[in-house]
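Rule-based calculations on the coordinates, nothing more; no lab input. These numbers were taken from a predicted model, which means no experiment stands behind them. Positions of Cβ are backbone-derived with ideal geometry, glycine not excepted, and every protein chain shown enters the neighbour counts.
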Amino acid sequence: MIKLLEGTQGIGVVLTETQQAATSVIEAFRGLNANILVQEFVAEAKGADLRCFVIGGKVIAAMKRQGAPGEFRSNLHRGGNAVQVKLSPDERSTAVEAAKAMGLRIAGVDLLRSAHGPVVMEVNSSPGIEGIEKATKLDVARKMIEFLEKNVGGTNRDRIKY
Ligand SMILES: Nc1ncnc2c1ncn2[C@@H]1O[C@H](COP(=O)(O)OP(=O)(O)OP(=O)(O)O)[C@@H](O)[C@H]1O
Ligand SMILES: [Mg+2]
């Protein structure tokens, strides 16, 4: 699996099935001075990933995104669909630890279900809320605001005179 760091919505993610293909894709990207990431392909994830929405050390919502038939990328922009998912305790703690490791109190952690347990694919510092609210029917925006109200001291409201 070879990824362009500048890529988004699944564009720039290349599954190279042979060593020969991998070598030529790496050479091509290098020739374009692109920044790339080379990863193990988690075939057993079967074109799905888990988006875990972490707020204040807890996963408050999680969805499973499944790619369109025959597609290894689960991106919703590539025709994937998303449903609410129940995480295992291991998946839950992996997501929470990943957010903590990045120093984020609010994060969107993407996991893959690999044969050797959950693996972190990506940690987003400004995760979108539209897709996950639609899939889970949870009011994620409200949970974010409630967290901020509880945890961010000295709001402007204290200073503004009405
Ligand atoms: N190592 C991997 N093994 C199996 N599937 C993968 C792997 N990496 C990515 N995928 C699949 O490809 C999709 C796109 O990959 P990724 O999220 O890394 O790129 P992106 O969506 O283009 O970038 P971003 O999430 O930053 O917008 C993932 O959602 C996942 O379904
Ligand atoms: Mg992605």
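For Cα pairs less than 8 Å apart in space and 6+ apart in sequence, what is the mean separation divided by the residue count of region 1-90, i.e. the relative contact order in percent?
23
Loop only by DSSP, 15 or fewer other Cβ within 10 Å of the Cβ. Give me the GluC sites (Glu not before Pro) in region 61-162 that pass, ordered by residue number.
Hits after loop and neighbour filter: 71.
Sequence neighbours fewer than 8 away in the same chain don't count; with that in mind, list the lysines whose C-alpha is under 17 Å from residue 134.
The reachable lysines, counting only those whose Cα sits under 17 Å from residue 134, are 64, 86, 143.
Using only the Cα atoms of region 105-155, what are the Rg and Dmax in Å?
Considering region 105-155 through its Cα atoms, Rg and Dmax are 14.0, 47 Å.
Within a Cβ distance under 12 Å of residue 81, other residues only, what is the Lys/Arg minus Asp/Glu net charge?
Combined, the nearby Lys, Arg, Asp and Glu give +3.
Working from Cα positions, state the angle (0 to 90°, nearest 10) between the long axis of helix 140-151 and the longest principal axis of the chain.
60
Just to confirm the filter: which trypsin sites (Lys or Arg not before Pro) across region 70-160 are DSSP coil and have at most 11 other Cβ within 10 angstrom of their Cβ?
86, 137
Relative contact order for the chain: what is it in percent, counting Cα pairs under 8 Å that are at least 6 residues apart?
RCO, the chain: 19 percent.
Ratio of Rg to Rh for the chain, alpha carbon only, Kirkwood?
1.05
Assign unit charges at the C-beta atoms only (+1 for Lys and Arg, -1 for Asp and Glu), then state the dipole size of the chain relative to its Cα centre in Debye, rounded to the nearest 20.
Charge dipole of the chain: 700 debye, to the nearest 20.
For each of 144, 63, count neighbouring Cβ atoms within 10 Å of the residue's Cβ, then give the residues from fewest to most.
The order, fewest Cβ neighbours first, is 144, 63.
Give me the net charge for the shell around residue 102: Cβ to Cβ below 14 angstrom, other residues only, Lys and Arg +1, Asp and Glu -1.
My count for the surroundings of residue 102 gives -1.
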